[in-house]
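The values are calculated or read from the model by the stated rules, or taken from the named source; none is laboratory data. Predicted model only: the values in this text are computed from it and were never measured. Glycine also receives a Cβ, built like all others from the backbone with ideal geometry; neighbour counts cover every protein chain displayed.
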Amino acid sequence: MELLNLLLSNLWAVFLIILFFGGSIFLHELGHFLAARWRGMHVERFSIGFGPRMFGWTGKDGVEYRVSWLPLGGYVALPQLAELKGLEGETTPQAAALPPAGYADKMFVAVAGAVFNVLFALVLATLLWFIGQPTSSDQATTQIGYVSPTIELEDKTRVTSPAKEAGFTVGDIVRKIDGREINNWQELMQTLVTGAERAADGRRKSIFTIERQGRLLDVVVYPRLSGDEKMRKVGIAPAYPLVVHAVTAGSLAERAGLKAGDRLVAVDGVAMLNIVPLADHLAAHVGRSIRLSITRAGAPLELDLPARDPKAKDLNDIGAAFSTDNTLVHENPLQQFAEHASMTWRTLSSVINPSSDIGISKLSGPVGIIRVFHLAAQADIRIVLWFTILVNINLAIFNLLPIPVLDGGHMLFATIGKIRGRSLPANFIAATQSVFVVLLFSMILYVTVFDVRRLARDFRAGDAPAPAAEAAPASK
């Protein structure tokens with residue numbers, strides 16, 4: 001039965017990946033296709049994927065529709081917009097006799113792919129607005145529930161954590177980072193890791209605006225690079241209510257009187273806002289009873305947890321599993337769009353900022369994106385919707401960058417030609433496009449190497465990846 005459930009869950013994940021990831025690429029290309037047909041431009045080919053043809057057909061309209069072997073995006077071959085033989089294959093001899101497309105036609109067709117992605121994102125965001133996005137208490141907060149005394153650096157040495165050095169305390173509420181308003185924990189972490197501020201002595205620097213006992217304070221923190229991905233970290237974790245999820249029969253937790261649904265408020269009079277300080281407190285007081293302050297059905301209650309065996313290893317030894325609250329957030333579509341667009345833009349800005357620690361290797365290509373889709377599909381389809389919105393906004397912004405071979409590059413060349421009164425030389429455009437085709441696919445290959453490394457590391461650790469940013473697949 002377990003094998004059958006695993007098989008079905010993987011089939012469901014594959015279906016959702018094809019539907020939403022493949023659908024995002026298809027809609028982008030459909031935008032180009034429909035705009036080109038409306039403006040009377042000649043369409044040679046409509047392809048999902050690059051490289052050799054896997055299967056396809058030629059329609060009555062003379063267009064070749066196909067699926068190609070390299071799942072790195074897609075394209076609509078438009079000889080009047082750009083000649084990309086190295087990327088899209090050879091065009092028919094008749095294409096050379098086609099009249100040049102006008103400036104308005106080129107701009108309209110080039111931007112149409114991004115417009116379709118934006119519209120798709122808004123449709124999904126509207127759907128998510130109605131049904132609600134599942135959010136746990138630890139992600140919905142900006143309150144600090146744990147300050148780590150130390151932090152492990154990239155070379156595996158441990159030092160005093162930046163948060164401890166800065167004087168952060170449990171209960172502090174983060175309102176801003178580097179002047180940017182923070183609304184949830186994901187936004188806090190994403191703003192922190194994409195930061196690029198530096199102190200006069202070269203150290204990484206962030207300014208946290210925190211609320212402490214009703215007062216706003218600006219606290220200077222000096223993040224350190226930590227973890228396998230070498231991200232900026234300061235050593236804080238979110239605050240969230242600890243809810244007893246299950247109690248093992250015959251365990252110390254059952255003997256103490258704990259029941260599923262109980263909410264842990266304090267331990268020996270010390271407030272508990274995170275699972276880590278609970279584990280630390282129990283580990284530091286092995287061999288004696290522990291006073292638990294809980295609420296049950298809203299009423300306060302005091303319980304005594306019997307002394308644990310001195311050989312007890314961790315929190316699991318008490319026989320209680322803890323979780324936290326989960327809620328549905330109904331965020332309006334425009335706000336969702338703004339948050340995703342801001343996240344994408346901050347990430348791209350960090351990539352080109354020499355002072356940041358976000359390089360191309362930190363991005364995710366098709367392999368990484370498919371991995372996240374797979375994990376989201378196994379968790380909740382609403383998370384799939386949320387991630388699809390991010391991917392579509394990412395795809396739109398990425399493709400509108402003024403880089404040759406992308407849609408924004410076509411718009412750039414067309415605009416330069418419009419300003420100078422005549423089109424740029426065809427040989428110059430072709431050579432530039434060819435160079436950037438090589439660069440683009442080299443970047444995708446480079447990113448994929450790191451995606452595979454992360455995937456292998458996640459499988460070894462048994463953990464799910466939590467990417468900070470995704471790069472859109474190549475599309476045109």
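Quick notes
- In segment 157-200, the residue that is farthest from R224 (Cα to Cα) out of those that are part of a helix (DSSP H, G or I) and among the charged types (D, E, K, R) is E187.
- Of residues in segment 152-164 being crowded, with 16+ Cβ neighbours inside 10 Å and modelled with pLDDT of 95 or more, the one farthest from the chain's Cα centre (by Cα): K164
- Checked against (1) assigned to a loop (DSSP other than H, G, I, E, B); (2) modelled with pLDDT under 85, A430 passes all but a single condition, namely (1).
Yes/no per residue for (1) aliphatic (A, V, I, L, M); (2) over 30 Å from A101 (Cα atoms); (3) modelled with pLDDT of 95 or more:
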residue: M1; (1), (2), (3): yes, yes, no
residue: L4; (1), (2), (3): yes, yes, no
residue: L8; (1), (2), (3): yes, yes, no
residue: A13; (1), (2), (3): yes, yes, no
residue: E29; (1), (2), (3): no, no, yes
residue: H32; (1), (2), (3): no, no, yes
residue: G40; (1), (2), (3): no, no, no
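- Among residues of segment 359-369, those that are out of contact with any Gly (no Cβ under 9 Å at 6 or more places or on another chain) and assigned to a helix (DSSP H, G or I), counted: 6
- Positions within segment 250-271 being more than 16 Å from D304 (Cβ to Cβ) and without any contact (Cβ under 8 Å) to a residue 40 or more places away in the chain, in sequence order: A260, G261, R263
- Within segment 206-226, the set of residues being over 15 Å from K164 (Cα atoms) and touching a Lys or Arg at 6+ places or on another chain (Cβ under 7 Å) comprises T209, E211, L216, L225, S226.
Here is a yes/no grid of residues against (1) assigned to a loop (DSSP other than H, G, I, E, B); (2) without any contact (Cβ under 8 Å) to a residue 12 or more places away in the chain; (3) of a type in the set (A, V, I, L, M); (4) crowded, with 21+ Cβ neighbours inside 10 Å:
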| position | (1), (2), (3), (4) |
| --- | --- |
| W345 | no, no, no, no |
| D357 | yes, no, no, no |
| R371 | no, no, no, no |
| Q378 | no, no, no, no |
| V405 | yes, no, yes, yes |
| G409 | no, no, no, yes |
| F413 | no, no, no, yes |
| I419 | no, yes, yes, no |
